[in-house]
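Colleague: What follows is a structure written as C-alpha cells; I'll ask about it next.
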Amino acid sequence: MAAQDLTSAGGQKPGMDRDSAFVTRCQFQARTPAGAGMFRYTVLNINNPYNDGYLRTAHPPACGDHIFLRDASANSGGNYRVVGRSWLHASYGSANWPRGETVPATGPLLSLVVEPADGLLVDEAPCEEDGSLV
C-alpha cells in the first residue's frame with residue numbers, strides 16, 4: 001500500500017486499530033519467593049478496553065524500572081520493580097504478519113517479570129533540622 005494511502009486512512013491501514021505494529025503489548029507476571037530458592041509466578045491482569053490483560057505502550061519499562069500496576073482479577077495494586085523481560089516479535093508469514101504486508105498487524109509482546117517493591121524513596125534519612133522525614 002502506498003504511503004499516500006496510509007495517510008488518507010488516518011495514518012493507519014484499513015482494519016488496523018491502535019494495537020499497531022508500533023505499540024508493545026506488555027504482560028506482567030509477579031514473582032514471589034516460594035522457599036528453597038524457588039519462586040511462584042502470578043499473571044497480573046491489567047484492565048484495558050480489549051479485556052485481554054495487556055498494558056499497551058510505546059514505552060515499555062526496562063529492567064530495574066519501578067511501575068505501579070493494578071491487578072483487575074485480584075482487585076489490588078502496588079509498586080513493582082522489573083527484574084526480567086522477554087520479547088516475542090511476529091514472524092513474517094504468520095497470522096500476526098501476513099505475507100505481502102510491510103508491517104505486522106500487531107506489535108511485539110513483551111513478557112515482564114516483576115517483584116513487589118517499596119517504591120523509589122526507601123531508607124530515607126531523617127532531616128537534620130528536626131529529625132523528621134522530608
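The values are calculated or read from the model by the stated rules, or taken from the named source; none is laboratory data. Keep in mind that what you see is a predicted model, and the values were worked out from it rather than measured. Here the Cβ is made from the backbone with ideal geometry for all residues, glycine too, and neighbour counts use every protein chain on show. Keep in mind that these areas ignore ligands, DNA and RNA; they rest on the heavy atoms of the full protein, side chains included. Shrake-Rupley method; radii C 1.70, N 1.55, O 1.52, S 1.80 Å.
Colleague: Residue under question is residue 119, and the condition is that it be in a strand (DSSP E or B) and under 18 Å from residue 65 (Cα atoms); does it hold?
Modeller: no
Colleague: Could you go through segment 93-100 and let me know if any residue there is outside any strand (DSSP E or B), among the aliphatic types (A, V, I, L, M) and modelled with pLDDT of 95 or more.
Modeller: No.
Colleague: Now a separate question. When you go through 30, 62, 105 one by one, which is the residue that is surrounded by fewer than 12 Cβ atoms within 10 Å (Cβ to Cβ), touching a residue at least 12 places away in the same chain (Cβ under 8 Å) and not charged (D, E, K, R)?
Modeller: The unique qualifying residue is 62.
Yes/no per residue for (1) more than 24 Å from residue 122 (Cβ to Cβ); (2) of a type in the set (S, T, N, Q); (3) at pLDDT below 95:
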residue: 12; (1), (2), (3): yes, yes, yes
residue: 15; (1), (2), (3): yes, no, yes
residue: 20; (1), (2), (3): yes, yes, yes
residue: 26; (1), (2), (3): yes, no, no
residue: 61; (1), (2), (3): no, no, no
residue: 69; (1), (2), (3): no, no, no
residue: 85; (1), (2), (3): no, no, no
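Colleague: How about segment 41-59: which of its residues are open to solvent by less than 40 Å² (accessible area, probe 1.4 Å) and more than 14 Å from residue 29 (Cα to Cα)?
Modeller: 48, 57, listed by residue number.
Colleague: Taking segment 65-87, which residues are farther than 23 Å from residue 20 by Cα, touching a residue at least 24 places away in the same chain (Cβ under 8 Å) and open to solvent by 70 Å² or more (accessible area, probe 1.4 Å)?
Modeller: 66, 70, 73, 81, listed by residue number.
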